[in-house]
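Read through the structure below, which is laid out as structure tokens, and then see the notes.
Every number in this text was worked out from the coordinates using simple rules, so none of it is lab data. As the structure is a prediction and not an experimental result, all values here were calculated from the model. With ideal geometry, Cβ positions are generated from the backbone for all residues, glycine too; neighbour counts draw on all protein chains shown.
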Amino acid sequence: MLFSGKAKHRRRRTTRIVAFAGVTGAAIAVPLMATGSASAASTSTWDAVAQCESGGNWSINTGNGYYGGLQFSQSSWAAAGGTQYAPRADLATKDQQIATAERLLDMQGPGAWSCAGAGNLSNDGVDPGVNPNGGGQQTQERSSSDQSASRSEQRQAPKQQHTTPKSTTGTVKTDTGITVPKGDGEYKVVKGDSLSEIAQKHHVSGGWNKLFELNKDIVKDADLIYPGQQLHLS
């Protein structure tokens, strides 16, 4: 499991900190460190670390604040640029998680993982050969499963009249380079905002839960909203 902040990991070890601003606000990642030669480790090494961290489950989310096979905290995932692939590590492919881990390894070293010893993780310069922009095994498995489910639904679901969904007009490009739906609500998100703060400030009945429900067509994770998105308040 990745360490985050100064809190002790359940294995009673500590490590260095990745500075990150606004995790539950506008999700603005710290710029990646530029180095002459990036650190790297082999895929088999990352597999061994993941086996120790999560039992090798690359899509795991147990609700303990750590996600994916290499158990990224949300702040570490964002700081290492993982949000360009997916909002959280467990939603990314294995290749995307390894590519992000490579950058975190370059930033923090092996000490960022409590299971570094299990895989003999080091900055050995070995290119893992991953393809984060292509469909990894996790994506392919999900795609196959989704296609099977879709065919089953088409056979079983009765015909329904077409209804027009709530508009998600336009898109917004985030500071980390990903594009998200903009929406057409009356409130425009600014840096530092969170759903709870917006709900409190504008007296939204039902609090942030209601605000999340009203905007679930553009907000997929209650902890991740982006400057420029237009939220409905009622």
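Pairs with C-alpha atoms separated by more than 19 Å, drawn from the list LYS182/LYS220; LYS173/LYS220; LYS173/LYS210; LYS188/LYS220, are LYS173/LYS210. Site pair LYS201 and ASN133 shows an inter-label distance of 3.7 nm when each label is modelled 7 Å from Cα along Cα→Cβ. Near VAL180, once Lys and Arg are set to +1 and Asp and Glu to -1 for all other residues with Cβ below 10 Å from its Cβ, the sum equals +3. Given their separation in residues at 0.36 nm each and the Cα-Cα distance between them, TRP208 and SER44 gain 54.8 nm when the chain is fully extended.
For the peptides 212-219, 107-114, residues were scored by their other Cβ atoms within 10 Å and the scores averaged per peptide; the highest-first order is 107-114, 212-219. The slack in the chain from GLU186 to ASN123, taken as 0.36 nm per residue of separation less the alpha-carbon distance, amounts to 17.8 nm.
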